[in-house]
Amino acid sequence: MRTRSKLAAGLAAALTLSPSLEGQSTIRDSAGIRIVDNVRAAWPAGRAWSIATPPLVDIGSGEDSLYELSTVMGAVRLSDGSIAVANMGSSNIRVYDPRGRFVRAIGRRGQGPGEFRQVMGLARRPGDTLVVVDSREELEYFTADGRFVRGLRSPSHRDGLVISDFHLFADGSFARTSWPQGHHRTEDRWLDSLVVVHVTPADTMGRIISRHPAIEYTRRPAYPGALPVQYGPAGFIVPDGDGYYVAYGVRYEIRRHRLDGSLERMIRAPWTPVPVRASDREAYRQFLTGLGAEGGGPVDPRLAAQRLRLLEATEFARHLPAYQQLIVDRERNVWVSEAQAERFVTQGFARVPSAPTPWRVFDRQGIWLGTVTMPARFRPMDIGREFVLGLWRDADDVEHVRLYRLDRP
């Protein structure tokens, strides 16, 4: 086994032998943790990736109900080019051929094997196995042709924690996360933790492997409960084969952990904080006071008064987070989106940004390659070598699933 000094020397030599990275990124080893400090993007002029428009496939157009989508919770592209869509509104998985024509529906509403109470997510595993996250705290596995394989239930409580979400790893295990933990606290301000629980098919209770910053809370006399700092960062994790990335955008730093919870790599990049403006605070005020008035109906006066008290106690962050979303593509590049204020004042699972959104791309070693701008009203869900697949909303707010070509000169 190499010593730390030999490892550092090896990394330095590798960097020296990579002229395209000189002056753009530095890599060093500290106590066995690889630290990648990016100065600027590595893509030279004319070599940047881009999204080609118009889309190659658009699912959601037409009058047939089989193409009407409602609360899309995930979309993946299969090896033959067909597209599987997790459609919460119909409580099933819809499969479309490479041209976007409906082929089959997988599952249905119910409580039995191969049925869903509420579809909450979708992932693709080797061999085009489809893994569906159901709101019954269960994963359900299907073949691409719709045959139910098995279900795996995981309890929603662990050591007094309420755990949620499923993050799948290459070995068949998965992580679940839990936060916040501090609503019972009495301080005026505190930072709650995101707890990561590693679960295997043999141990569905799982074990806690790491804790990370989650969200900052405050408590004010004007309101009895704990309130999150609005427009501030929120911690989350994203699986990456044999590990997971931890994100908390108080600075531009992303950390990768192994499946035993140990820290493996830190990725850093330059960032200019974007201040939270008076217009952003006003947008939040309008969002909060308007909740419950769908269709133009009035808000109950007692509820409106309670929300005004809440607003008086709310504290706003000084600037937006360093980033907001993170996706690992099929080549294990890491895509990180720019934070947008509007994402804090929208409801529902199937949210999309109204404007084109820049996404920074880092390779699997943590080198900042460059930036790709996603189309307006689009949120990526699956990224391959030559495609980007995700949710798009039209001018009438109707949901579509779109496949775009990813140009990589």
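The values are calculated or read from the model by the stated rules, or taken from the named source; none is laboratory data. It should be emphasised that the depicted structure is a prediction, and the values quoted were computed from it without experimental measurement. Ideal geometry is used to build each Cβ from the backbone, glycine not excepted, and the neighbour counts take in all protein chains shown.
Points worth noting:
- Residue that is modelled with the highest pLDDT, among those in segment 99-134 that are surrounded by 13 or more Cβ atoms within 10 Å (Cβ to Cβ) and polar (S, T, N, Q): Thr129
- Qualifying residue in segment 233-240 (condition: outside any loop (DSSP other than H, G, I, E, B), assigned by TED's automatic domain parsing to the domain that holds Asp382 and over 23 Å from the mean Cα position of the chain (by Cα)): no
- Just one of the numbered conditions (1) of a type in the set (A, V, I, L, M, F, W, C); (2) under 23 Å from Ala234 (Cβ atoms); (3) assigned to a loop (DSSP other than H, G, I, E, B); (4) touching a Pro at 6+ places or on another chain (Cβ under 7 Å) is not true of Ile327: (3).
- Qualifying residue in segment 197-208 (condition: touching a residue at least 12 places away in the same chain (Cβ under 8 Å), touching a strand residue (DSSP E or B) at 6+ places or on another chain (Cβ under 6 Å) and polar (S, T, N, Q)): no
- Subset of segment 58-68 that is surrounded by fewer than 22 Cβ atoms within 10 Å (Cβ to Cβ) and touching a residue at least 24 places away in the same chain (Cβ under 8 Å) - its residue that is farthest from Glu386 (Cα to Cα): Asp64
- Exactly one residue out of Met88, Met73 is touching a helix residue (DSSP H, G or I) at 6+ places or on another chain (Cβ under 6 Å) and either assigned by TED's automatic domain parsing to the domain that holds Asp397 or on the phi > 0 side of the Ramachandran plot (or both), and it is Met73.
- Extreme residue, surrounded by the most Cβ atoms within 10 Å (Cβ to Cβ), among residues of segment 36-57 that are in a loop (DSSP other than H, G, I, E, B) and in contact with a Phe, Trp or Tyr (Cβ under 8 Å, 6 or more places away or on another chain): Ala42
- Against the numbered list (1) of a type in the set (S, T, N, Q); (2) crowded, with 19+ Cβ neighbours inside 10 Å; (3) part of a helix (DSSP H, G or I), Ser210 comes up short only at (3).
- Counting only residues that are in contact (Cβ under 8 Å) with a residue 60 or more places away in the chain, buried (at least 17 other Cβ atoms within 10 Å of the Cβ), farther than 14 Å from Ile327 by Cα and not hydrophobic (A, V, I, L, M, F, W, C), segment 222-247 holds 4 of them.
- When segment 350-363 is filtered for residues that are of a type in the set (D, E, K, R) and either modelled with pLDDT of 95 or more or closer than 19 Å to Pro55 by Cβ (or both), the ones remaining, listed by number, are Arg360, Asp363.
- Only one of Arg318, Arg377 that is modelled with pLDDT of 95 or more, over 15 Å from the mean Cα position of the chain (by Cα) and over 20 Å from Trp49 (Cα atoms): Arg318
- Residue under evaluation Val299, criteria (1) within 29 Å of the chain's Cα centre (by Cα); (2) not in a helix (DSSP H, G or I), criterion not met: (1)
- Members of segment 354-409 found to be aliphatic (A, V, I, L, M) and part of a strand (DSSP E or B), listed by number: Val361, Leu369, Val372, Met374, Met381, Ile383, Val388, Leu389, Leu391, Val401, Leu403, Leu406
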